[in-house]
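Inspection log for the structure reproduced underneath, given as structure tokens.
Quick note: the coordinates plus some simple rules give every number you see, no bench work behind them. This is a predicted model, so every value here is computed, not measured. Note: ideal-geometry Cβ built from the backbone for every residue, glycine included; neighbour counts use all protein chains shown.
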Amino acid sequence: MLRTSPANTPLQVEERLPEGAGRALSWATPSPRIPVPTIRFEREGQQVGCIEGANLRRAALDAGINPYTGLNNLNNCGGLGQCGTCVMEVLEGERNLSPRSDVEEVYLADRPANYRLSCRTTVNGDVTVRTNPASGVGKGSNSLVGALKALVGRK
Ligand code: FES
């Protein structure tokens, strides 16, 4: 019940419930379990839960895991899909990720099919990944390493 109060005094709320009504409002019924995708970071030995549809790069950063190496810590696009430096290798659960995008096809053209740009990848179920895989930065990358690889490989 809500009552008016004199000016400059806070309103007071008075609540009267019938005997036993409070118990009826308790959390006696267990809430349904919502499955939470788990990301296992193989190199770091960590596993984290995330919401379905989480961004893989963001989930790594939130868990304190660095998706970049060396100079790419400074020389990256911050998750805009413009540099090709946030590469992760998918070890298990590839079907639980979003399909490889056109941007990834460009940046990872010379990389194995299980390499992904983590900033372009959505997690929909359990997955195991390796951050900073060997030769993770492809020729299509705008990073320093990628640019050098492209120059050296140019004919
Ligand atoms: S952070 Fe630049 S492409 Fe992923």
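Quick notes on this structure:
- Cα-centre dipole for region 38-153 with unit charges at Cβ (Lys and Arg positive, Asp and Glu negative), debye to 20: 240 debye
- Its Cα gyration tensor gives region 38-153 an equivalent ellipsoid, and the semi-axes of that ellipsoid, as √(5λ) in whole Å with the largest first, are 22, 14, 12.
- Per-peptide average of other Cβ atoms within 10 Å, ordering 121-127, 70-76 highest first: 121-127, 70-76
- Ranked packing of 39-50, 56-67, most packed first, by mean Cβ within 10 Å: 56-67, 39-50
- Summarising the amide proton neighbourhood of A54: residues at separation of 5 or more, or on other chains, whose placed amide H is nearer than 5 Å comprise V123.
- Each residue of region 71-85 is assigned a 3J(HN,Hα), and the resulting list reads 5, 5, 4, 9, 9, 9, 8, x, x, 8, x, 10, 10, x, 9 Hz, derived from the Karplus form 6.51 cos²θ - 1.76 cosθ + 1.60 (θ = phi - 60°), x at Gly and Pro.
- Rg(Cα) / (2.2 N^0.38 Å) computed for region 73-120, rounded to two decimals: 1.09
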